[in-house]
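Beneath this line is the structure, given in structure tokens, with notes to follow.
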Amino acid sequence: MNNFFVAFSLALAEASPWLRVASFYFVWLLLWLPIAIPLAIALRWHPPQPIAPAQKLPLLASLYVLAPLIVLGFARGLGESFSAYGLDANTGLIGSVGLGWLVGVLGLAGLFAVQVGLGWMTWRVPTGVLADGAVLPTISLYAWSVQLLSTLALGVWVSGTEELVFRGFTLTQLQQGYAPWLAAAIASLIFALLHLLWEGRDNIPQLPGLWLMGMVLVLARWVDGGHLGLAIGLHAGWIWAIANVETAQLLAPTGRASEWLTGLGGKPLAGVMGILFLVATGGCLWATASPLG
């Protein structure tokens, strides 16, 4: 086993940055498939059909549980650590995550408020009263609290894993062989394309938005001095806000705006407003500090 690890380390050291990244995703997929295949069969999900939330979560969990372990293996093989990828237990990590989360939530709240103000969306209060002709289910304070906390935990876990993989390991490796902005563009493209795994063609309209989202999160890492805290918080805030709005059905389209404005198929990143939101977020980050300075 020791000889294998020595050979693995030597091969990684001699490999190009692109080959290191490709090897990482190949190993990740290879180790996940023995878990994913029987799980997909048990969940009755047959790609490329769209995946339901109840099917996606167990598969996503099994995939993301493996990610930190594989990153750790590659890091040791390269003589690096999580801190090289922007994830270290410094005193400012929690503060950066919290700040990013707040910015993410407030930013989306602003986006929703603009669309409501324009008459494109309408707020619906989940209290059991009639709203747009539909009776909404009553949600108790306890159930609402559990929902908020569970989506917060899920958002931090998912965003932490994705930031470690995409803006951490992948970006760091690519920056060793490419200019920073080219490395960022490639890492963001990988991030966007891998989202096709879950929803296939249905996710194609979101690809430009997902790529831009990746670029904004790269910028968040650069602004945070190479640390991932701000990016993790920003990403987690977006996940938390969107998950709660969708689960509680707090917003509904009025039909006054075309889907290409609000998002094709109900996907915010597949619309003009979602793209403008990401551009505005990136602009605010850029104005905060020089990312390369």
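Taking the stretch 1-58 as the search range and keeping residues that are among the β-branched types (V, I, T) and part of a helix (DSSP H, G or I), which one is modelled with the lowest pLDDT?
Filtering first and then ranking leaves V6.
I'd like the residue in the stretch 213-228 that is in contact with a Ser or Thr (Cβ under 6 Å, 6 or more places away or on another chain) and at pLDDT 95 or above and, out of all such residues, is farthest from A183 (Cα to Cα). Step through it out loud before you land on a result.
We begin by selecting, within the stretch 213-228, every residue in contact with a Ser or Thr (Cβ under 6 Å, 6 or more places away or on another chain); these are 214-216, 223-224.
Cutting the leftovers down to at pLDDT 95 or above gives us 214-216.
On the way: G214: 12, M215: 10, V216: 13 Å.
That would be V216.
Would you say G200 is modelled with pLDDT of 95 or more and either part of a helix (DSSP H, G or I) or outside the structural domain of T281 (by TED's automatic domain parsing) (or both)?
Values: modelled with pLDDT of 95 or more: no; either part of a helix (DSSP H, G or I) or outside the structural domain of T281 (by TED's automatic domain parsing) (or both): yes.
Criteria not met by G200.
Given the structure, is G110 in the same structural domain as P268 (by TED's automatic domain parsing), in a helix (DSSP H, G or I) and surrounded by 19 or more Cβ atoms within 10 Å (Cβ to Cβ)? Even if it seems obvious, please write down each step before you answer.
Working: in the same structural domain as P268 (by TED's automatic domain parsing): yes; in a helix (DSSP H, G or I): yes; surrounded by 19 or more Cβ atoms within 10 Å (Cβ to Cβ): no.
Taking the combined requirement at face value, the residue does not satisfy it.
Hey, can you tell me all the residues within the stretch 138-183 that are small (G, A, S) and in a helix (DSSP H, G or I)? First the steps, then the outcome.
Initial filter on the stretch 138-183 (small (G, A, S)): 140, 143, 145, 150, 153, 155, 159-160, 168, 177, 179, 183.
Correct list: A143, S145, S150, A153, G155, S159, G160, G168, A183.
Restricting to the stretch 253-271, name every residue that is surrounded by 14 or more Cβ atoms within 10 Å (Cβ to Cβ) and either on the phi < 0 side of the Ramachandran plot or outside the structural domain of A109 (by TED's automatic domain parsing) (or both). Lay out the reasoning, then the answer.
Initial filter on the stretch 253-271 (surrounded by 14 or more Cβ atoms within 10 Å (Cβ to Cβ)): 253-254, 257, 259, 261-264, 267-271.
Once the filter is applied, which keeps residues that are surrounded by 14 or more Cβ atoms within 10 Å (Cβ to Cβ) and either on the phi < 0 side of the Ramachandran plot or outside the structural domain of A109 (by TED's automatic domain parsing) (or both), the stretch 253-271 yields P253, T254, A257, E259, L261, T262, L264, K267, P268, L269, A270, G271.
Exactly one condition in (1) among the aromatic types (F, W, Y); (2) at pLDDT 90 or above; (3) surrounded by 15 or more Cβ atoms within 10 Å (Cβ to Cβ) is not met by W181; state its number.
Going through (1) among the aromatic types (F, W, Y); (2) at pLDDT 90 or above; (3) surrounded by 15 or more Cβ atoms within 10 Å (Cβ to Cβ) one by one, W181 breaks only (3).
The values are calculated or read from the model by the stated rules, or taken from the named source; none is laboratory data. These figures come from a predicted structure and were not determined experimentally. Don't worry about glycine lacking a Cβ; one is built from the backbone with ideal geometry, like all the others, and counts go over all protein chains shown.
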